[in-house]
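Worksheet: one structure, shown below.
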Amino acid sequence: DGGITQSPKYLFRKEGQNVTLSCEQNLNHDAMYWYRQDPGQGLRLIYYSQIVNDFQKGDIAEGYSVSREKKESFPLTVTSAQKNPTAFYLCASSTREGVATEAFFGQGTRLTVV
Amino acid sequence: AQSVTQPDIHITVSEGASLELRCNYSYGATPYLFWYVQSPGQGLQLLLKYFSGDTLVQGIKGFEAEFKRSQSSFNLRKPSVHWSDAAEYFCAVVGSGAGSYQLTFGKGTKLSVIP
């Protein structure tokens with residue numbers, strides 16, 4: 001079945017450590033996105049990529065980094081510079097046909113800093 | 001820049017009652033509008049979308065939404081709520097201009113259903 005796979009589902013990190021969240025899709029979508037979700041805040045865009053080897057900062061990119069070396073993969077690194085990294089992270093993808101279409105979401109990764 | 005407002009943070013309804021979740025958007029041109037649903041600890045699932053044409057759109061699970069340009073609204077409705085509808089609901093908008101790929105979400109409305 002086609003879809004988006006995020007791993008791991010739960011992740012614990014010590015303060016001062018970098019951690020990478022995985023996102024893989026087999027939908028042949030060009031565009032991929034990372035969102036952060038906090039209670040009562042909705043979803044906020046961290047980074048997005050419309051094509052391989054290209055990505056753009058979203059609204060809250062500070063303390064995060066991404067890469068897009070393959071169409072299927074869009075990993076997110078939460079660096080030690082991120083002041084409050086504990087959150088639920090969602091990856092999404094969509095086609096890129098000139099205008100926006102619906103986004104498909106993974107099941108999320110819950111990151112906790114201990 | 002586009003924005004979305006969901007005025008109700010939390011709504012409680014009885015099973016079998018009707019439901020309306022409000023969504024207001026801000027965007028200069030014709031927007032693309034979406035409603036997503038999220039169960040606890042899960043990703044988002046698309047309920048329905050509006051791109052153009054008929055302003056009343058039907059979605060999955062018996063949901064529908066009506067686009068009202070004059071009110072900048074896209075309210076979600078269901079005639080009879082089931083206990084399994086308890087979840088958080090997000091309205092989202094995308095600009096229709098070239099290069100507009102970013103979804104902007106509202107802060108969500110949590111729905112509780114009383115048996």
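No lab work stands behind these numbers, since they all come straight from the coordinates. Keep in mind that what you see is a predicted model, and the values were worked out from it rather than measured. Cβ atoms come from the backbone with ideal geometry, glycine included; neighbour counts cover every protein chain shown.
Overview of results
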item	result
Per-residue mean of C-beta atoms belonging to partner chains within 10 Å, peptide B:16-26	0
Alpha carbon convex hull of the protein assembly as shown, volume per residue in cubic angstrom	126
Cα-centre dipole for the protein assembly as shown with unit charges at Cβ (Lys and Arg positive, Asp and Glu negative), debye to 20	400
Column: log10 I(q)/I(0), Debye, Cα scatterers of chain A, q = 0.11, 0.17 Å⁻¹	-0.31, -0.76
Hits among lysines - C-alpha to C-alpha of A:Lys9 under 26 Å, sequence gap 8 or more where chains match	A:Lys57, A:Lys70, A:Lys71, A:Lys83, B:Lys107, B:Lys110
Integer Hz, Karplus 6.51/-1.76/1.60 couplings in order for the range A:14-26, x for Gly and Pro	7, 4, x, 9, 7, 8, 10, 9, 9, 9, 10, 10, 10
Of every Cα-Cα pair in chain B, the percent that sits beyond 25 Å	17
Distance in nm between pseudo-label sites at A:Ile51 and B:Lys68 (7 Å out along the Cβ direction from Cα)	4.2
Among A:Pro8, B:Thr5, A:Ala81 - extreme Cα towards positive end, dipole of the protein assembly as shown, charges at beta-carbon	A:Ala81
